[in-house]
Structures are given as C-alpha cells and as structure tokens.
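Here's a structure for you.
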Amino acid sequence: MKTIWEQGGTGIGLWCILRDPIVLEMAGKAGFDYITVDMQHGFTNWATVEGVVRMLRGTPVTTLVRVSANREEFITRALDLGADGVIVPLVETAEQAKRAADACRYPAKADGLLGGNRSFGPLYADLDGAQDSDETNAKVLCVVQIETATALDNLDDIVNTPGIDAIYVGPFDLALSVGLGGRTYRDSDVMRDHIQRVIDVGNAAGIVVGMHCDGPEMAAYWHDHGARMLTTGHDTTTVFSAYKNLEKEARSLIR
C-alpha cells in the first residue's frame, strides 16, 4: 500500500466482517490491494484473528486490522500477530492520533523515522523486529479514523501528527455524530462538504485520505474528489449478492 501511495496511486480494498479463513483467503487472492479485518464490529476476536491474519499473509494483499479501540495493547498485539497495519477507530484529537502512531512503532531514531512505544513481542520468523526495527517502522501502516464532529474540529492537528500514514473517513458514523444520521453525500450537501473538507485538509498535509464506501459507485465518486484509499464493500454483502444473483439467474432460466 505504501508503494502504491508513494507512486501516486490509489488502493482498492475490501472490508471483512466474517472470520472464516477460507473465505478470507479467496478474498485475499481476488486482486484487492488491501483487506481490513474488522475487530470492532466484525466476528473476528483475539481467539481467531491469528488464524485469519496468517491465512492472509499467504496472499498478495496488504492486511490491515481495525482494532476495537485506541489502546496500545490492542494495536501492538495485532501487529505482532502479523498485520501489516492497523485502522484505529474514533480518533478525535492529535493526542489520540499520537498514541496510535507511537503504539505502531518500535523505539528507533533512524533518519526519517520516529521512535515509538511498541515493544518486542512474539513475531514471525521472517519478521525479526529486534534486528530490523527501522525497516519494520517504515513498513507499518497507521491509519486513524475520522468519524465524529470532534474529529472534524481537530482535523488540522490530527493530520499533522507525526507517524500517521492515512486518515480514514467513516461517513455513516460521522453523519450520526453531526446530527445527520442516515444521510449521505448523495442526499446531503452538508455531509458532502464535511467529507470533502477532510479530503482537502488531508491532501494538503500530504496524508492519504481513505473512504469507507458502500460500493464501487461511491468509491469512484470519492476517488474523483481526492480519496486514495477506497474500501469498495463488505465481504458479507459481496457473498450475499453473489448468492442472490445466482439464484435470480437460475430462476430466470429454469421454468
């Protein structure tokens, strides 16, 4: 993902609610740039995330884990288990953004890298953090979610927090927080303006802006308006849609 962004490209992703490693392996081989394993609202928990991440590590996809809260032990655990990065929910201030960024990185002061609070834990054999902390720090992705009115108020400070690689808009929770629950950019100029401001401020600060989308049409819209990390859908709705389309086609042909 970082290479894509450094080259000016856009990452296309899938959001995974299910915890079945077989389903996720198929998703990982489908061609997406990243997959997010949701531990906040999804079925994956600490008993199952290791198997899910291990399965995804065997595919070409970048594996992100959306942790359930901005807690150091959650972030470091997800990374120790093999995630390439984390998405941290409900970040509302620069202090909270710094907490997330520090938890993602080992203490190191190489040129261009920041020290962090991450400690050396159980790592994969091919990821020796104790030997390659600078390299690991450079590779990890720290993405913080902008999904509240308070985050909008503190947006300039959040995007200028060292160690943040991207901000990620949760448009549906953001709508609830600003008193526009159920409204989207499609039917609310206010929501559209809020989201566009997040994108503009992030881009001006040199931070990639991500968007949680309900499908390719929404992803295309926000890509045209400056977002470069686009979740195009959920595994649950994708699987259901495939089943439903198969059933519909079968009934149309079998009379």
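Just so you know, all these numbers are worked out from the coordinates, no wet-lab data involved. Since this is a predicted model, take the numbers as computed values, not measurements. Backbone-built Cβ (ideal geometry, glycine too); neighbour counts: all protein chains shown.
Work out, step by step, the length gained on full extension between Arg255 and Thr150: first 0.36 nm times the residue separation, then minus their alpha carbon distance; give nm to one decimal. Don't skip to the answer; put the middle values down first.
Working: separation 105, 0.36 × 105 = 37.80 nm, distance 5.66 nm.
32.1 nm is the gain from fully extending Arg255 to Thr150.
Sort the stretch 133-245 into rounded, prolate or oblate with this rule: let a ≥ b ≥ c be the square roots of the eigenvalues of the Cα gyration tensor; rounded if a/c is under 1.5, and if a/c is not under 1.5, prolate when a/b is larger than b/c, oblate otherwise.
Values: a/c = 2.03, a/b = 1.23, b/c = 1.66.
Because a/c hits 1.5 or more and a/b fails to exceed b/c, the stretch 133-245 counts as oblate.
If the convex hull of the alpha-carbon atoms of the chain is projected onto planes in all directions, what is the mean projected area in square nanometres? Before the final figure, lay out the partial values.
Working: hull surface 59.3 nm².
Result: a mean projected hull area of 14.8 nm².
Can you list the residues, at least 5 places off or on another chain, whose amide H is less than 5 Å from the amide H of Val88, using H built in the peptide plane?
Amide H neighbours of Val88: Val143, Val144, Gln145.
Set Lys and Arg Cβ to +1 and Asp and Glu Cβ to -1, take the dipole of the chain about its Cα centre, and tell me which of Pro60, Ala78, Ile207 lies farthest positive.
Positive-end residue among those listed: Pro60.
What length, rounded to one decimal in nm, is gained on full extension from Phe172 through to Ser188, with 0.36 nm per residue of separation minus their alpha-carbon distance? Spell out each step's value before the answer.
Working: separation 16, 0.36 × 16 = 5.76 nm, distance 1.23 nm.
Extra length available between Phe172 and Ser188 comes to 4.5 nm.
Given Cβ point charges of +1 (Lys, Arg) and -1 (Asp, Glu) and nothing else, what value in debye, to the nearest 20, does the dipole of the chain about its Cα centre take?
Details: 23 positive and 35 negative charges, 139 e Å.
Result for the chain is approximately 660 debye, rounded to the nearest 20.
Can you work out ³J(HN,Hα) from phi for every residue in the stretch 34-49, in order, using Karplus 6.51 cos²θ - 1.76 cosθ + 1.60 and θ = phi - 60°, giving whole Hz and x for Gly and Pro?
8, 10, 9, 8, 8, 9, 8, 10, x, 7, 6, 10, 5, 6, 10, 5
Something else: Could you give me the ³J(HN,Hα) list for the stretch 12-29, computed from phi with Karplus coefficients 6.51, -1.76, 1.60 and θ = phi - 60°, whole Hz, x at Gly and Pro?
Coupling constants for the stretch 12-29: 10, x, 10, 9, 10, 8, 6, 10, 6, x, 5, 4, 5, 4, 4, 5, x, 9 Hz.
Arranged from highest to lowest average of other beta-carbon atoms within 10 Å per residue, in what order do the peptides 227-236, 79-88 appear?
Working: 227-236: 21.9, 79-88: 24.4.
Order by mean packing, descending: 79-88, 227-236.
I would also like to ask the following. Let a ≥ b ≥ c be the square roots of the eigenvalues of the Cα gyration tensor of the stretch 1-113; is it rounded (a/c under 1.5), or, if not, prolate (a/b larger than b/c) or oblate? Don't jump to the answer; show the numbers that get you there.
Numbers: a/c = 1.76, a/b = 1.26, b/c = 1.39.
It is oblate, given that a/c is not under 1.5 and a/b is not larger than b/c.
Would you mind calculating the gained length between Asp157 and Asp200 on full extension (0.36 nm times residue separation, minus the Cα-Cα distance), in nm to one decimal?
Values: separation 43, 0.36 × 43 = 15.48 nm, distance 1.40 nm.
Roughly 14.1 nm would be gained on extension.
State the cysteines of the chain left without a partner when partners are defined as other cysteines whose beta carbon lies under 4.7 Å away.
Result for the chain is Cys16, Cys213, no neighbouring Cys Cβ within the cutoff.
Under the rule of at least 5 residues apart or a separate chain, name every residue whose amide H is placed under 5 Å from the amide H of Thr62.
Under 5 Å from the amide H of Thr62 lie the amide H atoms of Tyr34, Ile35, each far enough along the sequence or on another chain.
Oh, and also: Please work out the C-alpha center-to-center distance from the stretch 56-94 to the stretch 139-193 and express it in whole Å.
Centre-to-centre (Cα) distance: 18 Å.
Would you mind computing, in nm to one decimal, how far apart the modelled labels at Glu247 and Thr93 are, each placed 7 Å from Cα along Cα→Cβ?
Once both label points are built, they end up 4.9 nm from each other.
If you line up the Cα atoms of the stretch 49-97 on their principal axes, what length do they span on each, largest first, in Å?
That gives 36, 18, 13 Å along the principal axes, largest extent first.
Quick check for me: using +1 on Lys/Arg Cβ and -1 on Asp/Glu Cβ, what's the dipole size of the stretch 188-255 about its Cα centre, in debye to the nearest 20? Intermediate values should be presented prior to the final figure.
Details: 7 positive and 9 negative charges, 57 e Å.
Here the stretch 188-255 has a charge dipole of around 280 debye.
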